[in-house]
Amino acid sequence: MATERKDVKQPKPLPAPNSDFYEFAETLPAEELAIVKKVRTYMETNVAPIINKYWVEDAFPFELLPSFKELNIGGLGIHGYGCAGGSQLLVGLLGIEMARVDVSIATFFGVHSHLAMGSIAIAGSEEQKQKWLPPMARMEKIGCFGLTEPLVGSGAAGGLTTTAKREGDTWVLNGQKRWIGNAPWCDISIIWARDVADNQVTGFIVENKTTPGFSVEKMQNKIALKVVQNGQITLKDCRVPEANRLAAGARSFRDTARVLRGTRYYVGWEATGCQMGAYEHAVKYAQERLQFGKPIGSFQLIQDFLAKMLGNITACQCMLARTAQLADEGKLTDQQAALSKAFTTAKARETVSWARELLGGNGILLDYNVARFFADAEALYSYEGTYQMQHLIVGKAVTGFSAFV
Ligand SMILES: Cc1cc2nc3c(=O)[nH]c(=O)nc-3n(C[C@H](O)[C@H](O)[C@H](O)COP(=O)(O)OP(=O)(O)OC[C@H]3O[C@@H](n4cnc5c(N)ncnc54)[C@H](O)[C@@H]3O)c2cc1C
């Protein structure tokens, strides 16, 4: 058995990569911290070893669904109706834990739990919440959120072309939705359409597997978030009962915006997790990769990259932690959520590009993991409202002038 010789100086063990430099997770109460640790272990044990293979194949890892359900985090941040509940900081730190290993898994969960379930929680009637939220919280039914259209992206607030026409107790939906995450395989679609009677935007719960007139085609050839299955939905005389119209409020785009206010800053948490994953892989690489006979981590310019990345990550965590406090207090405004989304996703682009550069040629090889974060950051920057749209929301709030058109 090898024993350590006391007379020979052993090299000091190198620090393990740690992107939570200011120990944010430690600010959670013990029971929420335990959930963060559970999800971290799950992501590192179950997702990390297989995710590159699925990314290459443009496929969703359905093999993970049974164990993912057992995490019991469906309906995170939503209280009652069998949902996981928890503080907004917990919502965010779980977004980080998922995205730190894979942004697609964080997105799949965000679309289901925050966008689809969140629409019902915010704009649904009491009966609708009782009916739909419990099975979605158990993740027996998976949801998607259909707002964007082939010809209408940033301009969704005023320009949706999908129509809803009331015929007695039925609504007839016609139109198309594009980019809809989870749509090719999920069970429940929240579809936003314009009521032809008054031009107001209204949300509908569509049971897409059993409603005639609903079809979906998987989008191909994405270069980011390849594990998330995005679909183009076609609604052709798709008949939905009045009972499935989001009835508590959704009678204008303001209600859609209320859903997006929460989910937009969730994208900020995903963007922070994305940076943390790329940073940790970069630190490890810097400790191991030798050039000029030394670890590249010992070079000043490489250390500069790492310190800049950590600064970005920590700035994003601080901004989002305050955003979460405002959300918990019910005070979060659209412009605050918009600034958080814009800032963190822009920083994510910067951080992942530094991580990519630090790895040299290996930075563009999937096997070294940073390349996946590098590509995925692009989608975060554009989805749920582009950087420009977020800044226009902020710009309008601070100047009093709308510059949208
Ligand atoms: C991976 C991915 C997943 C997505 N998932 C979903 C989903 O689940 N559900 C859903 O409904 N949608 C989803 N989307 C759609 C997403 O929200 C839209 O892509 C986004 O809102 C931008 O719309 P667009 O792509 O049509 O771009 P466009 O609106 O065509 O914008 C193109 C460019 O013009 C800029 N621009 C537009 N108007 C202005 C202006 N007035 N001033 C200055 N610049 C302007 C934009 O910032 C952008 O840079 C997803 C998108 C992606 C990429």
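The values are calculated or read from the model by the stated rules, or taken from the named source; none is laboratory data. Quick caveat: nothing in here was measured; it's all calculated off a predicted structure. Cβ placement follows ideal geometry from the backbone for every residue including glycine, while neighbour counts extend to all protein chains displayed.
Looking at the structure I just gave you, is VAL259 within 17 Å of the chain's Cα centre (by Cα), of a type in the set (A, V, I, L, M, F, W, C) and within 30 Å of ASN199 (Cβ to Cβ)? Show your work before the answer.
Working: within 17 Å of the chain's Cα centre (by Cα): yes; of a type in the set (A, V, I, L, M, F, W, C): yes; within 30 Å of ASN199 (Cβ to Cβ): yes.
Against the criterion (within 17 Å of the chain's Cα centre (by Cα), of a type in the set (A, V, I, L, M, F, W, C) and within 30 Å of ASN199 (Cβ to Cβ)), VAL259 qualifies.
Is it true that ASN221 is farther than 20 Å from CYS144 by Cα, in a loop (DSSP other than H, G, I, E, B) and modelled with pLDDT of 95 or more?
Taking the combined requirement at face value, the residue satisfies it.
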Task: Counted residues, region 353-393 - those being of a type in the set (Val, Ile, Thr), farther than 21 Å from GLU280 by Cβ and crowded, with 21+ Cβ neighbours inside 10 Å - done: 1
Task: Where ILE302 falls short, out of the listed (1) surrounded by fewer than 17 Cβ atoms within 10 Å (Cβ to Cβ); (2) farther than 28 Å from SER87 by Cβ - done: (1)
Open item on the list: I'd like the full set of residues that are more than 27 Å from GLY181 (Cα to Cα) and outside any helix (DSSP H, G or I), limited to region 16-61.
Closed with: ALA16, PRO17, ASN18, SER19, ASP20, PHE21, TYR22, GLU23, PHE24, LEU28, PRO29
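For residues that are more than 11 Å from the ligand (Cβ to nearest atom) and outside any loop (DSSP other than H, G, I, E, B), tally how many sit in region 369-392.
First, pick out the residues of region 369-392 that are more than 11 Å from the ligand (Cβ to nearest atom): 369-374, 377.
So of that shortlist, the ones also outside any loop (DSSP other than H, G, I, E, B) come out as 370-374, 377.
Total satisfying the criteria: 6.
In region 164-187, what residues are of a type in the set (Val, Ile, Thr) and within 13 Å of the ligand (Cβ to nearest atom)?
ILE180
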- [ ] Kindly list the number of the only condition in (1) under 30 Å from GLU57 (Cβ atoms); (2) touching a Gly at 6+ places or on another chain (Cβ under 9 Å); (3) within 13 Å of the ligand (Cβ to nearest atom) that fails for TRP192.
- [x] (1)
Open item on the list: Just to be sure I understand, how many residues within region 224-253 are more than 16 Å from the ligand (Cβ to nearest atom), of a type in the set (S, T, N, Q) and modelled with pLDDT of 95 or more?
Closed with: 1
Task: Scope region 141-166; condition without any contact (Cβ under 8 Å) to a residue 24 or more places away in the chain and surrounded by fewer than 16 Cβ atoms within 10 Å (Cβ to Cβ); matching residues - done: LEU151, GLY155, GLY159
Open item on the list: Take the conditions at pLDDT below 95 and either more than 13 Å from the ligand (Cβ to nearest atom) or more than 24 Å from MET136 (Cβ to Cβ) (or both) and apply them to ASN208. Does it pass?
Closed with: yes
Open item on the list: Any residue in region 320-339 that is more than 17 Å from VAL394 (Cβ to Cβ) sitting within a Cβ distance under 7 Å of a residue that is modelled with pLDDT under 95 and not in a helix (DSSP H, G or I)? List the pairs, counting only those 6 or more apart or interchain.
Closed with: ALA321/PHE24
- [ ] Quick one: count up the residues across region 142-163 that are small (Gly, Ala, Ser), more than 29 Å from LEU65 (Cβ to Cβ) and more than 6 Å from the ligand (Cβ to nearest atom).
- [x] 5
Open item on the list: β-branched (Val, Ile, Thr) and surrounded by fewer than 19 Cβ atoms within 10 Å (Cβ to Cβ): which single residue out of ILE73, ILE50, ILE105 fits that description?
Closed with: ILE50
Task: Residues that are at pLDDT 85 or above and either in contact with a strand residue (DSSP E or B) (Cβ under 8 Å, 6 or more places away or on another chain) or surrounded by fewer than 23 Cβ atoms within 10 Å (Cβ to Cβ) (or both), drawn from region 262-279 - done: THR263
Task: Single condition GLN317 does not satisfy, out of (1) within 22 Å of the chain's Cα centre (by Cα); (2) free of Cβ contacts under 8 Å to residues at least 12 places away in the same chain - done: (2)
Open item on the list: closer than 28 Å to GLY330 by Cβ, crowded, with 24+ Cβ neighbours inside 10 Å, modelled with pLDDT of 95 or more and of a type outside the set (Ser, Thr, Tyr): is that true of LEU133 in this structure?
Closed with: no
TODO: Find all pairs meeting these conditions: Cβ atoms under 8 angstrom apart; at least six residues apart or on different chains; first residue within region 207-227 and aromatic (Phe, Trp, Tyr); second residue more than 16 Å from the ligand (Cβ to nearest atom).
DONE: PHE214/CYS238
